[in-house]
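The values are calculated or read from the model by the stated rules, or taken from the named source; none is laboratory data. These numbers come from a predicted model, not from an experiment. All Cβ positions, glycine included, derive from the backbone under ideal geometry; neighbour counts span all protein chains shown. The area values use the complete protein model at the heavy-atom level, side chains included, leaving out ligands, DNA and RNA. Shrake-Rupley method; radii C 1.70, N 1.55, O 1.52, S 1.80 Å.
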Amino acid sequence: MVRTRFAPSPTGFLHIGGARTALFSWAYAKKNNGTFILRVEDTDVERSTQESVDSILHAMDWLGLDYAEGPYYQMQRMERYKQVIQQMLVDGSAYYCYCSREELDTMREEQRARGDKPRYDRRCRDNSEPRAGVTPVVRFKNPIDGVVAWDDLVKGRIEIANSELDDLIIARSDGTPTYNFCVVVDDLDMKITHVTRGDDHVNNTPRQINILRALGATPPLYAHLPMILRDDGQKMSKRRDPVSVMQYRDMGILPEALLNYLARLCWGHGDDEVFSIEQFVEWFDLNNISASPARFDMKKLFWVNAQHMKNLSNAQLLAVLDTAKWNPELPESTFGAAFGERLAELEINAVLDLVKTRSDNLNALAAEVAYFYQPRVVSPEDSAKHLTEEAKLILNKFANSLESLPEWNLEAIKLAIKEFCSAQNVKMPQLGMPLRLKLCGTTQTPSFDAVIHILGKNKVLARIGA
Ligand code: GLU
């Protein structure tokens, strides 16, 4: 039975790198009819916040990465960690270390002076005498000889000599367990079979494997995922780049498009670029992930998003726009509270048919829909360039010819435009540009005959101001 987990530390929002890790763990569990578990690693009490927990859960929910178990919270499992530490002290796989900070500092200085790598020399390992006034830490008895090795599903075989590893502190002098130890106990208790995580954790793995073995467990399989870099190969930064999952929602990206794009970072299925999450789950496997860092290409993400938008029916698209409007973080101008009411007033299907392939994100789509409801404010530049006295005269005449149109259908409107231009001897753009501005407030609109048709005679005449 496959059991995977995502184990975020709640010290900020859900990062897109974290989302990809979560996606891969989730997909692997789904593919194998396994169980995906969410575990909140909140033992860093200084940096963990409830706000971060909430925002991570919210982002997981938005992405649709559902978990069958959890969220578990490490802070609620303290007793269990302490119990395992006691058990290890009893069975001899851990020991009390009474060395003071000063003693350890001196030891390291001497090691450096000798040209040795500074590390704990295990002086309390076999001779752990209580010292008056000292509350000890607990250290793990790391094997002294041999190697610790595993076949990483992404990076291949990794071997570390035990001589490279310290006797790790597993409990601080105040009794609180340390990070690596909590991870081990959790992975063991939660019967995790596959650990998928960022490769910044690869150095923790040999220590965790040794502790797991000391506890009599078979370690899970590990897949360490490479980093996601910027397009220019640099590290992503919170200040410069959108790294929070929810920033992508705010940019008008569909969750299925973000998942699709994230899936393609370090994983691929031939040349397939656009696929559903169900298709991804079917294709995905942990052992065909590339080990080299991926580059995040924003343009590509928007392209993928546009493809997913095209694949949605109008009803689905409308449902997304309609939910988005309830998101108070989105700007009023696009999905403001009145957006739903506005949609209801429009021939929304016709509007969506016309504009949905013109936008690569939901904000742009909403903005296109919005000018059918109410034209945008014309910029002074556009006004000066296109709404000249001559243009206004043309528009008035055109309004008259529309007014007398007996039928209101696209064919009749197209014909009327053609006849008007030839009778008045004006070129199409001479009519089209000012007309677009009057009708929509922008010159960037779909074909204006279709706009006229959808708006209907009354609105068209009113907007022209005839
Ligand atoms: N809490 C760790 C992090 O947020 C993940 C640890 C793990 O997956 O083992 O980076």
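When only Cα pairs below 8 angstrom with a gap of at least 6 residues are kept, the chain shows a relative contact order of 12 percent. For the chain, the cysteines with no partner cysteine C-beta closer than 4.7 Å are 99, 182, 266, 421, 440.
Toward the positive end of the charge dipole of the chain, with +1 on the Cβ of Lys and Arg and -1 on the Cβ of Asp and Glu, the farthest Cα among 243, 140, 56 is that of 243. Amide H contacts under 5 Å for residue 441: 376, restricted to partners 5 or more places along the chain or on a different chain, H placed in the peptide plane at 1.01 Å from N. The stretch 175-206 and the stretch 242-274 have their alpha-carbon centroids 27 Å apart. Net charge dipole, the stretch 95-157: roughly 120 debye, given to the nearest 20, about the Cα centre with Cβ charges of +1 for Lys and Arg and -1 for Asp and Glu. If you take all other residues with their beta carbon under 9 Å from the beta carbon of residue 9, and give Lys and Arg +1 and Asp and Glu -1, the sum is -2.
Given the stretch 79-171 reduced to its alpha-carbon atoms as identical point scatterers, what log10 I(q)/I(0) does the Debye formula return at q = 0.20, 0.22 Å⁻¹? Results for the stretch 79-171 at q = 0.20, 0.22 Å⁻¹ read -1.06, -1.15. As a length-normalised measure over Cα pairs under 8 Å and 6 or more apart, the relative contact order of the stretch 360-466 settles at 38 percent.
The heavy atoms of residue 15 present about 70 square angstrom of accessible area, all protein chains included, probe 1.4 Å. Expressed as an acute angle from 0 to 90° and rounded to the nearest 10, what is the orientation of the C-alpha long axis of helix 16-31 relative to the principal long axis of the chain? Tilt relative to the chain: about 80 degrees.
Neighbours of residue 264, meaning other residues whose beta-carbon lies under 15 angstrom from its beta-carbon, give a summed charge of -3 when Lys and Arg score +1 and Asp and Glu score -1. Helices in the chain, meaning DSSP H runs of at least 4 residues, each add -39500 (n - 2.57). Divided by all residues, the mean residue ellipticity at 222 nm is -14500 deg cm²/dmol.
Compared with the dominant principal axis of the Cα atoms in the chain, helix 314-324 is inclined by about 60°.
Run a plain Debye calculation on the stretch 230-310 (Cα atoms as equal point scatterers, no solvent) and give log10 I(q)/I(0) at q = 0.20 Å⁻¹, rounded to two decimals, same order as the q list. Values, matching the q order: -0.98. Can you spot the lysines whose alpha carbon is less than 21 Å from residue 235's alpha carbon? Ignore those fewer than 8 places along the same chain. Leaving aside lysines fewer than 8 places away in the same chain, those within reach of residue 235 are 155, 299, 300.
Restricting attention to the chain, close to 50% of DSSP beta bridges with both partner residues there are antiparallel. Its convex hull of Cα atoms gives the chain a direction-averaged projected area, equal to a quarter of the hull surface, of 29.4 nm².
In the stretch 203-262, a dipole from Cβ-located charges (positive for Lys and Arg, negative for Asp and Glu) runs towards its positive end, and of 258, 234, 218 it is 218 whose Cα lies farthest in that direction.
When only the Cβ of Lys, Arg, Asp and Glu is charged (+1, +1, -1, -1), the dipole of the chain relative to its Cα centre reaches about 560 debye. Taking each residue as 0.36 nm, the span from residue 412 to residue 161 lengthens on full extension beyond its C-alpha to C-alpha distance by 82.2 nm. Charges were assigned to the Cβ only: +1 to each Lys and Arg, -1 to each Asp and Glu. The resulting dipole of the stretch 230-310 about its Cα centre is roughly 580 debye.
Selection among 1, 316, 73 by position relative to the dipole of the chain gives 316 as farthest towards the positive end (Cβ unit charges, Cα centre).
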